[in-house]
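Trainee: Here's a structure for you.
Each reported figure results from applying straightforward, stated rules to the coordinates on display, with no laboratory input. Note that the structure is predicted; figures quoted are calculated from it, not measured. Every residue, glycine among them, receives a Cβ derived from its backbone with ideal geometry; neighbour counts consider all protein chains shown.
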Amino acid sequence: MKSLAELKAIKDRMKDKVVLREGSNDVRVVVGMATCGIAAGARPVLNACVEEVNKSGLTDKVTVTQTGCIGLCQYEPIVEVYEAGKEKVTYVKMTAEKVKTVVEKHLKGGNVVTEFTVANQN
């Protein structure tokens, strides 16, 4: 970076992602980003959540955030979905590909992807 113009260009490119993570919308998607989650692959999962919500045009409805340890290390990466007036949904052993399915079916379509939830683990 050699100038303020370059810095402003970077800021403008990243603005949607930062706003998405700091919003206060009706639906909140939380990715566990403690060391256990990061070691299991949570960083690409978080990035996929931000990108898919953005691509799907859900930024006015969905906020993507991160948290520390959720307490189920054996199921990392973990993504929790909080919706006003509904029970929390905990998705486990997530991947970037699974995130695409969750965004499409759950966040857009309103249907929990039960095969990815903690309730369906052995």
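Trainee: Using a basic spin-label model with each label point 7 Å from the Cα along Cα→Cβ, how many nm lie between K108 and A84?
Mentor: Spacing of the two 7 Å Cα→Cβ label points: 2.3 nm.
Trainee: Under the 0.36 nm per residue contour assumption, what length would be gained going from the current alpha-carbon distance of C73 and Q121 to full extension?
Mentor: Working: separation 48, 0.36 × 48 = 17.28 nm, distance 1.34 nm.
Difference between extended and current length: 15.9 nm.
Trainee: Just to confirm a number: summing +1 for Lys and Arg and -1 for Asp and Glu over residues other than E115 whose beta-carbon lies under 11 angstrom from that of E115, what do you get? List each step's numbers first, then the result.
Mentor: Working: positive: K93, K98, K105; negative: none.
Here the charged neighbours net out to +3.
Trainee: May I have the extent of the alpha carbons of the chain along their three principal axes, as whole Å values ordered from largest to smallest?
Mentor: Principal extents (largest minus smallest coordinate, Cα): 54, 30, 23 Å.
Trainee: May I ask you to evaluate 6.51 cos²θ - 1.76 cosθ + 1.60, the Karplus curve with θ = phi - 60°, for each residue of region 88-100 and list the ³J(HN,Hα) values in order in whole Hz, giving x for glycine and proline?
Mentor: Using θ = phi - 60°, the values come out as 4, 10, 10, 9, 10, 6, 6, 9, 4, 5, 5, 4, 4 Hz.
Trainee: Estimate the FRET efficiency between L7 and A96 by the formula 1/(1 + (r/R0)^6), using the beta-carbon distance for r and 35 Å for R0, to the nearest 0.05. Don't jump to the answer; show the numbers that get you there.
Mentor: Values: r = 29 Å, r/R0 = 0.83.
My answer for the efficiency is 0.75.
Trainee: If you don't mind, another one. In whole Å, what three semi-axes, largest first, describe the equivalent ellipsoid of region 49-112 built from its Cα gyration tensor (square root of 5 times each eigenvalue)? Could you put the intermediate results ahead of the total?
Mentor: On the way: eigenvalues 72, 36, 26 Å².
Value: 19, 13, 11 Å, ordered largest first.
Trainee: If I measure Cβ to Cβ between cysteines in the chain, which ones have no partner under 4.7 Å?
Mentor: Cysteines of the chain left without a disulfide-compatible partner: C49, C69.
Trainee: May I pose another question? Residues with beta-carbon under 15 Å from that of I70, excluding I70: net charge, scoring Lys, Arg +1 and Asp, Glu -1? Please list the in-between numbers first.
Mentor: On the way: positive: R28, K88, K93; negative: E76, E80.
Net local charge, I70 excluded: +1.
Trainee: Right, something else. What share of the DSSP beta bridges in the chain is antiparallel, in percent to the nearest 5? Walk me through the intermediate numbers first.
Mentor: Numbers: 9 of 15 bridges.
DSSP beta bridges in the chain are roughly 60 percent antiparallel.
Trainee: Could you work out [θ]222 nm for the chain from helices alone, using -39500 (n - 2.57) per DSSP H run of at least four and dividing by all its residues? Round to the nearest 500 deg cm²/dmol. Write out the running numbers ahead of the final one.
Mentor: Working: 4 runs with 46 residues, N = 122.
Helix contribution divided over all residues of the chain: -11500 deg cm²/dmol.
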